[in-house]
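Reading through the structure tokens given below for one structure.
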Amino acid sequence: MLLALLFADALTPAQNRRRGRRNRNQVAQVDTTSLPKLDSAGLARRDSLFRLDSLRRDSVLTARADSADLVGKSSLDRPAFTGAKDSIIEIFTEGARKAFYYGDVTVTYGNMKLTADYMEYDMKTGTVFARGTYDSLTREWKGQPVMTQDGQTYNMEEVRYNFNSKKAKIKNMITQEAEGLIQGQSIKMAADRSVSITRGRYTVCDLDEPHYYMKLSFAKVITQPSQKTVFGPAHPVIEGVEIPLFLPFGFVPNRPQRATGLLMPTFGEESARGFYLRDLGMYFVLGDYFDLSVTGDIFTLGSWALDVNSRYKVNYKFNGNFAFNYSNDQTGEKGSTDFFQSRNFGLQWSHSQDSKARPGMSFTASVNFSSPSNSRYNSRDVTEALQNQISSSISFSRNWNGKFNLSINALHNQNSRDSSYAITFPNVTFSVSRFYPFKQKNRVGKERIYEKISLSYNTALQNRVNFKLADFDKEDFSLIDQLNNGMQHTFSIGLPTFSLFKYLNFTPGVSYGMNWFFRSSEAFYNEETGRVETKMGKQFGDFGATHNYSGSLGMSTRLYGMYNFGKFRRIQAIRHVVSPTVSFSYSPDKATSFNGWRTLTYTDKSGVEHEYDYNIYAGQMYGYPGKGSSASMSLSIANNIEAKVRDIKDTTGTGSKKIKLIDQLNFSTGYNFLADSLKMNNIGVTMSTSVFGKLGMSANANFDPYAIDEQGRRINTFNVVKEGWMHPLRLTNASASLSYSLSGQGAINGNDGRKDASQGGGGGNKNTADYYRRIYYHPLTGEYIPGGWLYYTNPNVPWSVNFNYSFSYSKSYSYSNNQLITNHRYTQTLGLSGNVKLTPKMSLNATSGFDLMAMKMTTTQLSASYDLHCFNIAVSWVPSGTWQSYSFRISANASALADLLRYKKSSSYWDN
């Protein structure tokens, strides 16, 4: 090891052995005529002593000369060559000290690493020359030099690098600078890694022959104090054509991932608001966890907008974003009949917490609050402009080992059509999970029946306010008076379950509930109107509670029916599962003053005395106990039908599979035994299924068993009695929906959609033209088309088509002019959406719909995108309707040039 350190050229052990052999050859040529003759044993002994003694003298002298250098140097400061899979050749003649390395060579020197297929190292000057080797079979260069230093990579054809001065001379080098590539034919690299380039070019296209680039006559990459590229006279070259637009000088800064800077605007025109300048502003980096952008829009007809957006993120803790916009929106010119002005705002906030940050505790937020017309004026796409209802939620939850749960929420809903808002805050929910208070921890013997008794508790506090923006213009409007609040407590007692006859499962239960109210109302007789009216008290002006308690018993079972067609039939068997559930509940009469019931006695204008029963907690957040006892039964029958069919994909012929014919078909109704009239509930029917995993179907209907009188009011007579067996029930409402999807996976590795770029998909040597077909007859009318129509029908492209149909029906009655009017309301809509990827770079999308009742198209939108490697093209078109518009945009894929190399042409739906 010591000998290896002392050699100035850092020779490997194999090199030392070769040099030793050369030294021995030189010693053998010395004149030995004057030396005494020795026998063979003496010669051998003297020769070995001589070699040993010479090694000792050389090592001592070298150690004395280089001992001072060893203090400040180590072998890591010298180039270390590895690899050379083919061969190593060394030349130490005529004063030359060179080594030649062939085949996948790597040299490491400090933080610099250089790889190439061929290297030549001059030990006297400390210079290495590296290049690739030419493969005559493939006619390509392989193993061209690649230098890596301080995370920067340089690709080149040839390089001469001096390890002592750390300077290099490079031929045709390519290096990455941010998103761009800098290429030069003649390059010199200084010790500080600054690079001087002549006849270079800068581009963001990574092809060998880029689609476009800046041709640089001279450029220099500066590394101190910060890295940037400065160039002299330059001009653009697009598709090999030099454009005579010369820049005297310029620079390419090394842009970090996050940097404060200017945000480039977009330009355009709207007939309603004039010429515009949008999204002009600044982006600010505020620390490692927060950033902020402030942009503005301005229109020539007076409209303007301000947008503030920010993001924040702390790894493993939380992240979120915040956005706020305020705008002054004007359409038309002042003084004209079509002039309209409004002020709008929007607030969005999203926050999420990492689940590992605080186990058992979470905080999330999704806030979207805006003025009614904000989405109409400040949306950038049709989907956002069509959104009429938005909602928000802020939630905090805490869990204590699954036993106790606390949730605090704030909710918001708004409808832009009628400017109505509903805000719930705070909404507090606390629950105690089910537990068994009498269960023994260390039980001996069988479980006692009382140990199965369970308890659970849940409470909820809600505060809700509903208002419209127009309410604020009223003088007597008070937001606190619109507040509707209350608190609910529910105690559930679970009794032991049991079974009868092995198949009937019974579940008894007892529940107790209490509702708290913070205001009350009072009824009085108004002599002017001759009516009983109610006056609501002040908010938080009173406190009261109602109590509700009931007992229940539920029974459930499951019935199976099977019909076998035969093992060798296509349909082997059908199974029908019926799951009936019957529950009974009883609640005594709770219409007492303790639960808020009062009786108003008054005398009307005719002198007749009346009594009016009412509840002082009516019209509030939670309900109050009704009058009279209740003994009700509810019945639900669920059905599921499946089929067992042969699997045609099974080559043995014995395989089978299950398919669902009807996922669920449910019937439900109820009956109140103690009601004075209308004891039976409506009959509800719901059904859903999926046919072959493609066609989804769902439907529901509601039937009323009671008839109506001449004025459309329900009467205590069954409809079958009044109308006969042909109309046993009255249909009140129904709805149905269908959805069907088709898709093809495709295989489009080639540019034209084929599985292989050189061979057609599915076998054969099809080219792109083979997928074009000419149709000579109209597909609908059958009319002959002279010359035909050309269609592109490539079966390998991925595509999907989705159809959906919805239907709803409702029936109501109105009595006017001594005549009963039946109102039938129908809605039917048909929707269509699809996308197809013609090539790996090109995709088409379409969404549309048709209103079957109005017989007109709904909003239709067509869009396409095409990736041109360095550029991308996006087209969007709404051909008709309120939101008629189009947009065409072409821009560079590289974010560094996205604002500079971009063209956009569009029309706004405001132009309609």
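The values are calculated or read from the model by the stated rules, or taken from the named source; none is laboratory data. Owing to the predicted nature of the structure, the values given are computational and were not obtained by experimental measurement. Heads up, the Cβs are rebuilt from the backbone with ideal geometry, glycines too, and the neighbour counts pull from every protein chain shown. Heavy atoms of the whole protein, side chains included, go into the accessibility calculation; ligands, DNA and RNA do not. Shrake-Rupley method; radii C 1.70, N 1.55, O 1.52, S 1.80 Å.
Among the residues of the range 107-128, is any open to solvent by 60 Å² or more (accessible area, probe 1.4 Å) and closer than 11 Å to VAL159 by Cβ?
no
For the range 361-379, check the following and say yes or no: at least one residue is part of a strand (DSSP E or B), in contact (Cβ under 8 Å) with a residue 24 or more places away in the chain, open to solvent by 50 Å² or more (accessible area, probe 1.4 Å) and small (Gly, Ala, Ser).
Checking the range 361-379: at least one residue is part of a strand (DSSP E or B), in contact (Cβ under 8 Å) with a residue 24 or more places away in the chain, open to solvent by 50 Å² or more (accessible area, probe 1.4 Å) and small (Gly, Ala, Ser).
When you scan the range 186-197, how many residues do you find that are loosely packed, with under 14 Cβ neighbours inside 10 Å and within 15 Å of GLY232 (Cα to Cα)? Before the answer, list the steps.
Initial filter on the range 186-197 (loosely packed, with under 14 Cβ neighbours inside 10 Å): 191-192.
Then keep just the ones that are within 15 Å of GLY232 (Cα to Cα); that gives none.
Qualifying residue count for the region: 0.
Spot the failing condition for LYS317; the list is (1) closer than 29 Å to SER876 by Cβ; (2) among the basic types (Lys, Arg); (3) modelled with pLDDT of 90 or more, and only one is missed.
(1)
Quick grid of which residues meet (1) of a type in the set (Asp, Glu); (2) more than 30 Å from GLY655 (Cα to Cα); (3) touching a residue at least 60 places away in the same chain (Cβ under 8 Å):
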position	(1), (2), (3)
PRO508	no, yes, no
TYR512	no, yes, no
ARG519	no, yes, yes
GLU522	yes, yes, yes
THR534	no, yes, yes
PHE543	no, yes, no
LEU553	no, yes, no
TYR563	no, no, no
VAL577	no, no, yes
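Filter the range 573-589 down to residues that are closer than 22 Å to ALA675 by Cβ and either of a type outside the set (A, V, I, L, M) or open to solvent by 30 Å² or more (accessible area, probe 1.4 Å) (or both), then give me how many there are.
Residues that pass the stated criteria total 8.
Which numbered condition in (1) farther than 30 Å from PHE163 by Cα; (2) modelled with pLDDT of 85 or more is the only one that ALA190 fails?
Failed condition: (1).
With the range 445-514 as the region, which strands (runs of 3 or more DSSP E) entirely inside it contain at least 2 residues that are at pLDDT 90 or above and farther than 30 Å from SER552 by Cα?
Filter on the range 445-514 gives 454-468.
Exactly one of these conditions fails for LEU500: (1) open to solvent by 60 Å² or more (accessible area, probe 1.4 Å); (2) closer than 30 Å to ASN595 by Cα. Give me its number.
It fails just one condition, (2).
May I ask you to list the residues in the range 198-209 that are more than 17 Å from VAL241 (Cβ to Cβ), within 34 Å of the chain's Cα centre (by Cα) and open to solvent by less than 50 Å² (accessible area, probe 1.4 Å)?
Passing the criteria: only VAL204.
Run down LEU838, LEU830, LEU844 and say which single residue is over 24 Å from the mean Cα position of the chain (by Cα), farther than 17 Å from ALA736 by Cα and not in a loop (DSSP other than H, G, I, E, B). Before the answer, list the steps.
Numbers: LEU830 fails: farther than 17 Å from ALA736 by Cα; LEU844 fails: over 24 Å from the mean Cα position of the chain (by Cα).
Selected residue: LEU838, the only one of LEU838, LEU830, LEU844 that is over 24 Å from the mean Cα position of the chain (by Cα), farther than 17 Å from ALA736 by Cα and not in a loop (DSSP other than H, G, I, E, B).
Taking the range 149-164 as the region of interest, how many residues are open to solvent by 40 Å² or more (accessible area, probe 1.4 Å) and at pLDDT 90 or above?
We begin by selecting, within the range 149-164, every residue open to solvent by 40 Å² or more (accessible area, probe 1.4 Å); these are 150-151, 153, 155, 157-158, 160, 164.
The next check asks that each one be at pLDDT 90 or above; those that pass are 157-158, 160.
The number of residues fulfilling the criteria is 3.
Quick one: in the range 610-659, which of the residues that are touching a residue at least 60 places away in the same chain (Cβ under 8 Å) and of a type in the set (Lys, Arg) is farthest from TYR549 (Cα to Cα)?
ARG646
Just wondering, is there one or more residues in the range 335-354 that are modelled with pLDDT under 80, at positive phi and open to solvent by 30 Å² or more (accessible area, probe 1.4 Å)?
Yes, some residue in the range 335-354 is modelled with pLDDT under 80, at positive phi and open to solvent by 30 Å² or more (accessible area, probe 1.4 Å).
Please work out which residue is modelled with the lowest pLDDT, limiting yourself to the range 707-766 and to residues that are of a type in the set (Asp, Glu) and assigned to a loop (DSSP other than H, G, I, E, B).
Step by step, filter the range 707-766, then rank; the result is ASP752.
Residue by residue through the range 426-484, note down the ones that are surrounded by 14 or more Cβ atoms within 10 Å (Cβ to Cβ) and of a type in the set (Gly, Ala, Ser).
SER431, SER433, SER454, SER456, ALA460
Check whether at least one residue in the range 837-851 is at negative phi, of a type in the set (Ser, Thr, Tyr) and surrounded by fewer than 16 Cβ atoms within 10 Å (Cβ to Cβ), and report yes or no. Reasoning before the result, please.
Keep residues of the range 837-851 that are at negative phi, which gives 837-851.
Filter again for of a type in the set (Ser, Thr, Tyr), leaving 839, 843, 847-848.
If we keep only those that are surrounded by fewer than 16 Cβ atoms within 10 Å (Cβ to Cβ) as well, we get none.
No, the conditions are met nowhere in the range 837-851.
How many of the residues in the range 592-613 are of a type outside the set (Asp, Glu) and closer than 19 Å to GLU528 by Cβ? Break it down into steps so the answer makes sense when it comes.
The initial filter retains those residues of the range 592-613 that are of a type outside the set (Asp, Glu), namely 592-603, 605-608, 610, 612.
Add one more test, that the residue is closer than 19 Å to GLU528 by Cβ, and what stays is 600, 602-603, 605-608, 610, 612.
Residues that pass the stated criteria total 9.
Can you name every residue in the range 316-334 that is in a strand (DSSP E or B) and open to solvent by 30 Å² or more (accessible area, probe 1.4 Å)?
Across the range 316-334, the qualifying residues are PHE318, ASN319, ASN321, PHE322, PHE324, TYR326.
For SER606, all conditions in the list (1) modelled with pLDDT of 90 or more; (2) farther than 15 Å from GLY628 by Cβ hold save one; what is the number of the exception?
Answer for SER606: the failing condition is (1).
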